[in-house]
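K.L.:
One structure coming up, written as structure tokens, with questions to follow.
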Amino acid sequence: MSLKKQLLKSKPVCKVTFRFPKGIADHAGTVALAGDFNNWDVSACEMTRSKTGEFTAMLNLEKGRTYEFRYLVDGKEWYNDPQADYYVANGYGEENGVFIAEA
């Protein structure tokens, strides 16, 4: 998994690319990206499978803010991104990944 962050000079936005690699969940039919940026709506951001088998999503988010997020595979299994900036408890006995929208 990986996060790529790019600040846009023309807008107060951080362009974030989320990648969920093929090897982590080879069995995955779908991967959804959920977080506080979409009110944890797992249907709001279904990731796209590339020809290589990885799943990707790109979002433009307000820069300078922190965002909690996780990946949901096939509507059942939650995954964190090891490249998150840090993690916080989520109230369900697990943790959410957090990233800071800055380069």
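The values are calculated or read from the model by the stated rules, or taken from the named source; none is laboratory data. Everything numeric in this text was worked out from a predicted model, so none of it was measured. Don't worry about glycine lacking a Cβ; one is built from the backbone with ideal geometry, like all the others, and counts go over all protein chains shown.
K.L.:
Do any residues in segment 83-101 that are closer than 13 Å to Tyr67 by Cα and free of Cβ contacts under 8 Å to residues at least 24 places away in the same chain have Cβ atoms under 7 Å from those of residues that are among the charged types (D, E, K, R) and surrounded by 12 or more Cβ atoms within 10 Å (Cβ to Cβ), where the two are at least six apart or on different chains, and which pairs are they?
P.N.:
Tyr87/Glu95; Val88/Glu68; Val88/Glu95
K.L.:
Write out, first by first residue and then by second, each pair whose Cβ atoms fall under 6 Å of each other, whose residues are 6+ apart or on separate chains, and whose first residue, in segment 43-70, is more than 17 Å from Phe20 (Cβ to Cβ) while the second is at pLDDT below 95 and crowded, with 17+ Cβ neighbours inside 10 Å.
P.N.:
Filtered contacts from segment 43-70: Asn60/Lys15; Leu61/Cys14; Leu61/Val16; Leu61/Ala101; Lys63/Cys14; Lys63/Ala101; Arg65/Ala101.
K.L.:
The conditions are (1) within 22 Å of Tyr87 (Cα to Cα); (2) without any contact (Cβ under 8 Å) to a residue 12 or more places away in the chain, and Lys9 fails exactly one of them. Which is it?
P.N.:
Just one mismatch for Lys9, condition (1).
K.L.:
The conditions are (1) modelled with pLDDT under 95; (2) surrounded by 16 or more Cβ atoms within 10 Å (Cβ to Cβ), and Cys45 fails exactly one of them. Which is it?
P.N.:
All conditions are met except number (1).
K.L.:
It is to be established whether one or more residues within segment 28-37 are surrounded by 18 or more Cβ atoms within 10 Å (Cβ to Cβ) and polar (S, T, N, Q).
P.N.:
No, the conditions are met nowhere in segment 28-37.
K.L.:
Those residues that are more than 17 Å from Gly97 (Cα to Cα), touching a Ser or Thr at 6+ places or on another chain (Cβ under 8 Å) and surrounded by fewer than 16 Cβ atoms within 10 Å (Cβ to Cβ), I need them from segment 48-80; list them, please.
P.N.:
Hits for segment 48-80 are Thr48, Ser50, Asp74, Gly75.
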